[in-house]
Amino acid sequence: MNYELIAAVDLGSNSFRLQVGRIVGNQIYPLDALKESVRLAAGLTAQRTLDGASQLRALECLARFGERLRGFVPGAVRAVATNTLRVAKNAPQFLAQAEAALGFPIEVIAGREEARLIYLGVAHTLSNPGNQQLVVDIGGGSTELIIGHNFDPLQLESLYMGCVSYSLKYFPQGQVTKHAFKEAELAARKELQTIVAAYRSTGWEEAVGSSGTAKAIVDLLELNGLNDPGFHGITREGIDHLKSQLWHAGSVSNLRLEGLRPERVPVLPGGLSIMSAVFKEFALEQMTFSEGALRLGVLYDLLGRYHHDDQREETVSQFMQRYAVDRHQAARVSQTALALLQQLCPDATGQDQGDTQFLLWAARLHEIGISVAHSSYHKHSAYILANADMPGFSKRDQERLSRIVLAHRGKLERVQASLSEPRDSMLIFCMRLAALFHRARDDAPMPGVLAAATERGFKLTVDDAWLGASPLTAAALEEEARQWAGLDMELRLKREKYKQH
């Protein structure tokens, strides 16, 4: 389906942002933007739970965003959450309330996926994306560093350090000393040292900063004459001037600088210490600034899905290659699973339908665990899918994919919770039957099979003559019926003469 307007919501650790854009061809033209300083990371307790005040700030903001998004259909809006909701132990409970307030699903994305989307947003704003770029995005709870060329990222990393978390840890109540700043800078440099060798080996021609911390530093340097004349961005000299001003002030609240926005005051020391560490570890002299960031990357990723250039498809293909998947077997299982789904749910026939996509991805990836060990390979497959970096997939998407793959063979009781969701139980049924019918891994013709949903489960009608000549499959189907019965569901088996059309 094509949309004229699309929207992205970025639930960052410091700020929440909403971006609305108009699609014209392959380009997105920003129409409207909202930003609120929520400082979600500031509400993360020592036990890694979000406190009540931060949740309330977030929910009130999302309710306002939800009002702006009234009238948007679900497919035209994508909301993503970053580091704080990656680490908060009570994130699932909060997300249920957050989705209700916003009116749309919210995806918690992995750090490297966040980095990929940031680069996609930045690359679409660069005057010369053909240069090799080092992109640095210092957020509230994490810092993403990317090296990319054109629209392709070459290096992606997300480090657990951000302007909110560092400000709270090293500069309590906004108090700044030279010693505390050096401590924060040293901690950031230690984090950066884990990646700097690989990044220097890849190399870059230009350094680019994006998002709030970089924007705040640019504004302070330029409006207060702390930068090299004529340069729009951040310089090493400018950072040193700004650090000196901060030390002499002794507290951020005492800092008297043009362009210091109130919402940036509490998080400036942490962000500046991380930026200073980046300049030192990567031996930078200057950095330009890009208005492109995560929310724009989310919009362009959404646009790519509409134009059948879905990063998730590319990821699935790469995983099949990386784990040496038997493509013929994957194709057999995919075809049969899809045929069963179409019988159960005719509305799921389109390739762009969500359930169809997940079923096909699961069928193509269900055997990646064989690369680890053949014994219990479905468990290995599920573990990889739940924990690997999978560009384009949210953590929730990965968990769903993992559950379906785990359930494609073995005991159903292992995934009993998933079966309470009718859509997932339908996909699991299709995967299990497809894998069962293709156990021989050959191209023998499929029997005549009819599948239908019942009040308590499923009904399967199989060609009697074929089943009589296939005692191994007949026994497997009887065991399959017992598996469903063990969870108080049914798989009714019926044998009759059936001709395929």
message: Which residue is surrounded by the most Cβ atoms within 10 Å (Cβ to Cβ), if the candidates are limited to region 32-54 and must be under 18 Å from R70 (Cα atoms) and out of contact with any Leu (no Cβ under 7 Å at 6 or more places or on another chain)?
response: K35
- request: Among the residues of region 392-434, write down those that are crowded, with 21+ Cβ neighbours inside 10 Å and free of Cβ contacts under 8 Å to residues at least 12 places away in the same chain.
  value: none
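Just checking, which of T461, T454 is surrounded by fewer than 20 Cβ atoms within 10 Å (Cβ to Cβ), polar (S, T, N, Q) and over 19 Å from D347 (Cβ atoms)?
Checking each option against the conditions leaves just T461.
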query: In the set V333, V325, which member is in a helix (DSSP H, G or I) and either among the aromatic types (F, W, Y) or surrounded by 14 or more Cβ atoms within 10 Å (Cβ to Cβ) (or both)?
result: V333
field: V196 vs. criteria modelled with pLDDT under 95, β-branched (V, I, T) and under 32 Å from the mean Cα position of the chain (by Cα)
entry: no
query: For V136, which of the numbered conditions (1) within 22 Å of Q19 (Cα to Cα); (2) assigned to a helix (DSSP H, G or I); (3) modelled with pLDDT of 95 or more fails to hold?
result: (2)
query: Is it true that some residue in region 93-100 is in contact with a strand residue (DSSP E or B) (Cβ under 6 Å, 6 or more places away or on another chain) and modelled with pLDDT under 95?
result: no
field: Residues that are polar (S, T, N, Q) and within 21 Å of V164 (Cα to Cα), drawn from region 265-289
entry: S273, S276
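Table: residues versus (1) polar (S, T, N, Q); (2) assigned to a loop (DSSP other than H, G, I, E, B); (3) over 24 Å from K190 (Cβ atoms).
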| site | (1), (2), (3) |
| --- | --- |
| D219 | no, no, yes |
| F231 | no, yes, yes |
| I239 | no, no, no |
| K243 | no, no, no |
| L260 | no, yes, yes |
| R264 | no, no, yes |
| G271 | no, no, no |
- request: Consider E99 carefully, then state whether it is surrounded by fewer than 20 Cβ atoms within 10 Å (Cβ to Cβ), part of a strand (DSSP E or B) and either outside the structural domain of G271 (by TED's automatic domain parsing) or not aromatic (F, W, Y) (or both).
  value: no
Where a residue in region 168-189 is surrounded by fewer than 17 Cβ atoms within 10 Å (Cβ to Cβ) and modelled with pLDDT of 95 or more and its partner, wherever it lies, is part of a helix (DSSP H, G or I) and not aliphatic (A, V, I, L, M), with Cβ under 6 Å and at least six apart: E183/Y170
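The values are calculated or read from the model by the stated rules, or taken from the named source; none is laboratory data. Because the structure is predicted, anything quoted here is derived from the model rather than measured. Note that each Cβ is placed from the backbone with ideal geometry, even for glycine, and that neighbours are counted across all protein chains shown.
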